[in-house]
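Have a look at the structure below, then the notes.
The values are calculated or read from the model by the stated rules, or taken from the named source; none is laboratory data. As the structure is a computational prediction, the values presented were derived from the model and not from experiment. Reconstructed Cβ throughout: ideal geometry from the backbone, glycine too, with neighbour counts over all protein chains shown.
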Ligand code: MN
């Protein structure tokens, strides 16, 4: 039989001489003969099929060690090995794809350019016309928007302030979305315990992390969202009258003037351990949020709220207009009010 030089064999097998030298060195495909003087390698024509199979297996990424294990075997066994190899690869790829998604999510959250929105906001807290003290609290910065309405005597003012302070102290930077809500739930639980027996307070707040907004809500303070000209109330009042309305026992219009309309069924520091309503939202440029206490929402109707919010003006002017509306309506209660504009 005529032996082929490495160059001729490489052409026949569509491989490079360099690849053939590697396959020789790793024991995958030893040449049929080696010239003892020159060191030249020679191959048998029958080795071409084997060389092509090795090349194909290399092309699909199979490691040399795996190829060695099957190189001399029958086609059915090679096929089984290829299938097993590919199952392993795709399983790893799927796992890595999941990791990639999580990593990209994490990077986009930490990268201000990718996830940054800005918040322009203003907060006001006014004592009502017929009130001697104010237990409401309002707070706004670019990370936290909050209103709280305290009750139960003078300690109510401390309770509403304490509730907002607890949220100011929360560091959410490293949290996942799920972690964010868990942190909020446990903060609220701790506050609730601390206040029990001393005072009660509502708490309605938005915490921002990147473009994600976490909503936490207990009581009858509210969040409204103005988006695309539509005003929607994002929170559900935890009041006795709202429960009656929900069960069809009270007309919504009658609830507005009901003597028990301020009776809370959920508040921080109340007789029973409280659970907050929690939600995650995405901030969109152009959105305008209103957070307020019942001192505004009980006396200024929805149409007037919407008109004030859609009107021109920065958050500071809008907050002033809303307070003015409550005062014009007699301001029987204290007024806490936050307006925040989302922009990019
Ligand atoms: Mn109030």
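One table, with the values for the structure above:
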{"read-out": "Residues satisfying the stated conditions in segment 212-245, i.e. within 16 Å of the ligand (Cβ to nearest atom) and without any contact (Cβ under 8 Å) to a residue 24 or more places away in the chain", "value": "237, 241, 242"}
{"read-out": "Any chance residue 187 is surrounded by fewer than 22 Cβ atoms within 10 Å (Cβ to Cβ), in a helix (DSSP H, G or I), more than 16 Å from the ligand (Cβ to nearest atom) and at pLDDT below 90", "value": "no"}
{"read-out": "Residue within segment 220-227 that is buried (at least 20 other Cβ atoms within 10 Å of the Cβ), touching a strand residue (DSSP E or B) at 6+ places or on another chain (Cβ under 7 Å), in a loop (DSSP other than H, G, I, E, B) and at pLDDT 95 or above present", "value": "yes"}
{"read-out": "Strands (runs of 3 or more DSSP E) wholly inside segment 246-344 that include at least 3 residues being in contact with a strand residue (DSSP E or B) (Cβ under 9 Å, 6 or more places away or on another chain) and either over 27 Å from residue 211 (Cβ atoms) or away from the ligand (no atom under 16 Å from the Cβ) (or both)", "value": "277-282, 335-343"}
